[in-house]
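The values are calculated or read from the model by the stated rules, or taken from the named source; none is laboratory data. All values reported here derive from a predicted model rather than from experimental measurement. Because the Cβ atoms are built from the backbone with ideal geometry, glycine has one as well, and the counts that use them run over all protein chains shown.
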Amino acid sequence: MAKAHMSRDIDSARACLKATFGFDSFRPGQAEIVDAVLSGENVLAVMPTGSGKSLCYQLPAVLRGGLTVVVSPLIALMRDQVGQLREYGIEAASLNSANDAAANADVRRAIRADRLRLLYMAPERLVREDTLELLADAHTTLLAIDEAHCVSQWGHDFRPEYLALGRIRRELGDVQTIALTATADAPTRQDIEGKLFAERPRIFMRSFDRPNLRLAMRPKDNARKQVERFVAARKGQSGIVYCSSRKRTEALAEALQKAGIRALAYHAGLDGAVRSANHDTFLQEDGVVMCATVAFGMGIDKPDVRFVVHADLPSNVESYYQEIGRAGRDGLPAETLTLFGLDDFRLRRQQIEDGDASDERKRVERQRFNALVALCEAPRCRRQTLLAYFGESSGPCGNCDLCAEGVETVDATTEARKAMSAIARTGERFGTEHLVAILTGQTGEAMTRHGHDRLPTFGVGKDRQPGEWRSIFRQMYAAGLTTLDIAGHGSWSITDEGLAVLRGEKPFEARKDALWAGKGEKKKEGTRAVLATAPEDAGLLAALKALRTRIAKEIRQPAYVVFADRTLVEMAAIGPKTLDDMRLVHGIGEAKLGRYGRAFLDVVLAHRD
């Protein structure tokens, strides 16, 4: 939807991009959006995480003057972005409840004096009468709504307080607005348009593809050990391990610590001071692994997260995409690993059924979760399956586990018929473990009490291990041959599609690698992603990171606020000899050159000597 020709303002924007932010060129899609904002248009921009959404309103704010009001859902994100902007020499501040009264008073004075270019606040603060009066008297030229999917009931993180933003926009005189999000399917986009804009805005849709992310999924086979092996192979890298419960975050963090990895826990139930300290440590230091619930996520702007692991399955495709998108925001290689099992499927489905959402909402959530199950059991390139969900088509990516390791299917019709026979002969009243015990001929009190050791199906699957039968049940479920009783105790029943296979009318193909899950896992998970750093640069890069960590602690800001990983990698590779040479390095604008250039140059020169 880009214009054929951009305005002359874009030339000034490119000059500002280099001088202020230290970037030689726009990322794909940024120039068109910046041009539309500079031309006074209202904009809805759907761009993947890591594509530089914030620059689309920050750069116009610097160029045009006036006040840009940024609506952000998290105080931590506001703090980090304000710190980053100030490092670039841009006047920015936030009004929030974490500031003391004196700090908020200073911000109000700066607004009245027209000294600020960007003001960050949560929607709850923006709807207050005193805030609206303050902004009505200020020269507010742009309203930027970050995480705009929060306004939609179809969004994966709906927040009721966002619903007032359409009214606030009108009360500020129909102020020009840009709404931004990383994940919005068609229903969500339509909802955002209707709730925020009186007329249809310019819509920019970037590809959802993140080619630098390696996608991988594995069936669970002792999830704790799987996570430990994966993280240990990447020791020294920053990463996030997502868990489905608070208790699990702490248990995994403790297990990783015992394995010699610097791991911390993060969840909403932690003491506020501990949670805040862990958050700051993760942002300010290298090589920290955060074991967290989804309470840790939205607004995490750390660009050098090298991996994201899901120890438990996310709730839907949008959440999965949003969470893996926190890795590799600097554009360098990053990895993802998602573990899944039948317990995950049951938990997520039960959460949908037990929720208080409308029947229509539950229907949509079921479809979204089914799409995630299909991604887990995908028989082709994972990226193809993921992008297809968002309406994009692509060829095999070569950067996912299925492309790298291949996918081999086998005829599993006989196994499926045996499994469904066990389901049918037990009256569709039993769960996975009891059925697996029947198939593998395991005796026990429950087996004898129900008389299931006398069934014709008892022991017919002794040729396979219990884990292989669990995989058969999982793949039958993914293929729609069977369903789980979510409200009950996880009992299986057979669908019409399954009956056709059971009667021998249709075949059933299973993924061979998933069928024998657990074999060869250690080798696969140990594969390590390598940053684009030559061996001779490694010592210099380590020294540059050590300096960055020291400075970050001194100024109490995340490490990337000083310099992102990409900047340090380029610095080590280029080996600048003068301060003027430092301007050639990505991410070094004039303000940062003046503030940090000499210190980092001295490290480079000392390393060369």
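What's the number of the only condition in (1) of a type outside the set (A, V, I, L, M); (2) in a helix (DSSP H, G or I); (3) over 30 Å from residue 511 (Cα atoms) that residue 230 fails to meet? Here residue 230 clears every test but (3).
Kindly indicate whether any position in the range 250-262 is surrounded by 15 or more Cβ atoms within 10 Å (Cβ to Cβ), of a type outside the set (A, V, I, L, M, F, W, C) and touching an Asp or Glu at 6+ places or on another chain (Cβ under 7 Å). There is no residue in the range 250-262 that is surrounded by 15 or more Cβ atoms within 10 Å (Cβ to Cβ), of a type outside the set (A, V, I, L, M, F, W, C) and touching an Asp or Glu at 6+ places or on another chain (Cβ under 7 Å).
Here the range 36-57 is the region considered, the condition is being more than 20 Å from residue 327 (Cα to Cα), in contact with an Asp or Glu (Cβ under 8 Å, 6 or more places away or on another chain) and of a type outside the set (Gly, Ala, Ser), and the residue that is surrounded by the fewest Cβ atoms within 10 Å (Cβ to Cβ) is 38. Residues considered: 604, 585. Of these, the only one that is part of a helix (DSSP H, G or I), at pLDDT 90 or above, in contact with a Pro (Cβ under 8 Å, 6 or more places away or on another chain) and not assigned by TED's automatic domain parsing to the domain that holds residue 76 is 604.
Look through the range 424-448, keep the residues that are of a type in the set (S, T, N, Q) and in a helix (DSSP H, G or I), and return whichever of them is nearest to residue 482 (Cα to Cα).
Applying the filter and picking the extreme gives 432.
Restricting attention to the range 58-108, the residues that are in contact with a helix residue (DSSP H, G or I) (Cβ under 9 Å, 6 or more places away or on another chain), surrounded by 17 or more Cβ atoms within 10 Å (Cβ to Cβ), of a type in the set (A, V, I, L, M) and under 21 Å from residue 295 (Cα atoms) total 2. Only one entry in 282, 197 is touching a residue at least 24 places away in the same chain (Cβ under 8 Å), outside the structural domain of residue 330 (by TED's automatic domain parsing) and of a type in the set (Phe, Trp, Tyr), namely 197.
The set of residues in the range 109-124 that are surrounded by fewer than 19 Cβ atoms within 10 Å (Cβ to Cβ), part of a helix (DSSP H, G or I) and in contact with a strand residue (DSSP E or B) (Cβ under 8 Å, 6 or more places away or on another chain) contains only 110. Evaluating residue 295 against the criteria (1) modelled with pLDDT under 90; (2) crowded, with 18+ Cβ neighbours inside 10 Å leaves one unmet condition, (2). Pairs linking a residue in the range 454-465 that is assigned by TED's automatic domain parsing to the domain that holds residue 440 to a residue that is of a type outside the set (Ser, Thr, Tyr) and assigned to a loop (DSSP other than H, G, I, E, B), with Cβ atoms under 7 Å and 6 or more positions apart or on different chains, are 458/441; 459/441; 462/441.
Pairing each residue of the range 333-349 that is in the same structural domain as residue 433 (by TED's automatic domain parsing) and over 24 Å from residue 306 (Cβ atoms) with any residue that is assigned to a loop (DSSP other than H, G, I, E, B) and among the basic types (Lys, Arg), provided the two are 6+ apart or on different chains, yields no C-beta distance under 6 Å. Can you name the residue in the range 371-394 that is part of a loop (DSSP other than H, G, I, E, B) and either without any contact (Cβ under 8 Å) to a residue 12 or more places away in the chain or of a type in the set (A, V, I, L, M) (or both) and, of all such residues, is farthest from residue 465 (Cα to Cα)? Restricting to residues being part of a loop (DSSP other than H, G, I, E, B) and either without any contact (Cβ under 8 Å) to a residue 12 or more places away in the chain or of a type in the set (A, V, I, L, M) (or both), the top hit is 393. Each residue in the range 212-227 was checked for being in a loop (DSSP other than H, G, I, E, B), within 21 Å of residue 372 (Cβ to Cβ) and of a type outside the set (Asp, Glu), and 2 of them qualify.
Residues in the range 562-579 that are assigned to a loop (DSSP other than H, G, I, E, B) and over 20 Å from residue 333 (Cβ atoms): 575, 576, 577, 578. Picking from residues in the range 501-522 that are surrounded by 15 or more Cβ atoms within 10 Å (Cβ to Cβ) and at pLDDT 75 or above, the one that is farthest from residue 410 (Cα to Cα) is 502.
When residue 323 is tested against (1) farther than 27 Å from residue 408 by Cβ; (2) over 13 Å from the mean Cα position of the chain (by Cα); (3) modelled with pLDDT of 85 or more, just one condition goes unmet, and that condition is (2).
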